[in-house]
Amino acid sequence: MRITVYDVLSYLASGMTHQEILADLPYLTEEDILACLSYAADRERQQLVVKGGSSSSIKTFRRDSSSASPTSTQAPPTFTL
């Protein structure tokens, strides 16, 4: 079975506890949930969104980049069990 980081984060954001998620998705572990949170925190730390005059001019930059060049968006990992 596969589940995305986005799905796990959505469950947490909706108010589900770790225990409720683990009860609904018994193939996940507490470490999987913590890995999702760690991934999201790291991604948030690395990203900086700069918005221009229109919504079509939104670009994402890596905060730690010396050249501040746009980065490509990577899909979050999925868990396969």
Once amide H atoms are placed 1.01 Å from N in the peptide plane, what residues at a sequence separation of 5 or more from residue 3, or on another chain, have their amide H within under 5 Å of its amide H?
-> 79
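Roughly speaking, what is the stretch gain from residue 2 to residue 47, that is 0.36 nm per residue apart minus the C-alpha to C-alpha distance, in nm to one decimal?
On the way: separation 45, 0.36 × 45 = 16.20 nm, distance 2.59 nm.
Net length gain for the segment: 13.6 nm.
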Please give the net charge around residue 7, taking every other residue with its beta carbon less than 15 angstrom from that of residue 7, where Lys and Arg add +1 and Asp and Glu add -1.
-> -2
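Computed from the coordinates by the stated procedures, all read-outs in this text should not be read as laboratory data. All values reported here derive from a predicted model rather than from experimental measurement. Reconstructed Cβ throughout: ideal geometry from the backbone, glycine too, with neighbour counts over all protein chains shown.
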